[in-house]
Amino acid sequence: MTVEYGLLALLSFRPLSGYDILKWVESEGQFIRSRIHHSQIYRLLGRMVADGLVAYRVDPREGRPDAKVYRLTEVGREALLTWVRSPYDPPSRFQDPDFLTRFAFAVPLDREAAVRLIETELAHRREQIARNRNRDRTLLFVDPLPEVDQELTREVFEEMHRFGAASVDRWVEWLERTHTFLTEGKSVR
């Protein structure tokens, strides 16, 4: 449902045609969710109309096909706000599309919900770091295939750990700066 909620949130800003939504998803939306095919967006919009979350009006276009311009309904508004304010259960992988989508749209809709979201994500990532950062990362090889380069494998896995640790540290720093900005009004930069 993350994509549907993202579409509802986008429509909370203003009515949009399917084409306008697609253009947004391919530009600004790429930082939230990747690889959404245009047919998927139109199918979702059709289902959202059937579910009463959005409605549309036909906008006649001179020399081009008419466009359906979608807007949020009251049912859609309530569904969106329920999602923004619902509890968040962080997945094991950081920078998850659900978090990014929910956060991006929670900020303009409910600042307190956005702060709770950041605090939940921060607590989870800090606990993850404490639990995993200094774990035993010894790779054991028992009767490996002759092609397995054990030393190279150990070096590559250790380098992947260092990269992952630096990435999650940077993520936590961003979460902390953003939390400060939302709660104290201090710059995110």
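The values are calculated or read from the model by the stated rules, or taken from the named source; none is laboratory data. Fair warning: this is a prediction, and the values are worked out from it, not measured in the lab. We place every Cβ from the backbone using ideal geometry, glycine too, and count neighbours over all the protein chains shown. Calculation scope for accessible area: heavy atoms of the full protein, side chains included, ligands and nucleic acids excluded. Shrake-Rupley method; radii C 1.70, N 1.55, O 1.52, S 1.80 Å.
What the table shows:
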item: At most 13 other Cβ within 10 Å, DSSP loop - chymotrypsin sites (Phe, Trp or Tyr not before Pro), the stretch 1-109; result: PHE13
item: Residue-averaged [θ]222 nm for the chain, counting only DSSP H segments that reach four residues, each worth -39500 (n - 2.57); result: -20000 deg cm²/dmol
item: Where the chain is the region considered: accessible area per residue in Å², 1.4 Å probe; result: 65 Å²
item: Carbon/sulfur fraction of accessible area - the chain, other protein chains in place, 1.4 Å, %; result: 52 percent
item: Modelled label reach - GLU176, point 7 Å along Cα→Cβ, the stretch 96-114 residues with backbone N closer than 20 Å; result: 96
item: Pairwise label distance in nanometres, ASP66 with PHE141, each label 7 Å out on the Cα-Cβ vector; result: 6.8 nm
item: Candidates LEU152, LEU72, LEU44, ranked by Gaussian network fluctuation over the chain, Cα under 10 Å, top entry; result: LEU152
item: Sites GLU78 and VAL49, calculated FRET efficiency, Cβ-Cβ separation with R0 22 Å, nearest 0.05; result: 0.85
item: Listed residues GLN40, GLN150, GLN95, most fluctuating in the chain (Gaussian network, C-alpha, under 10 Å); result: GLN150
item: Extension gain from ARG162 to ARG14, taking 0.36 nm per residue of separation minus the Cα-Cα distance; result: 48.9 nm
item: Extension gain from SER86 to HIS38, taking 0.36 nm per residue of separation minus the Cα-Cα distance; result: 14.4 nm
item: Cα Rg over Rh - the stretch 93-169, Kirkwood; result: 1.19
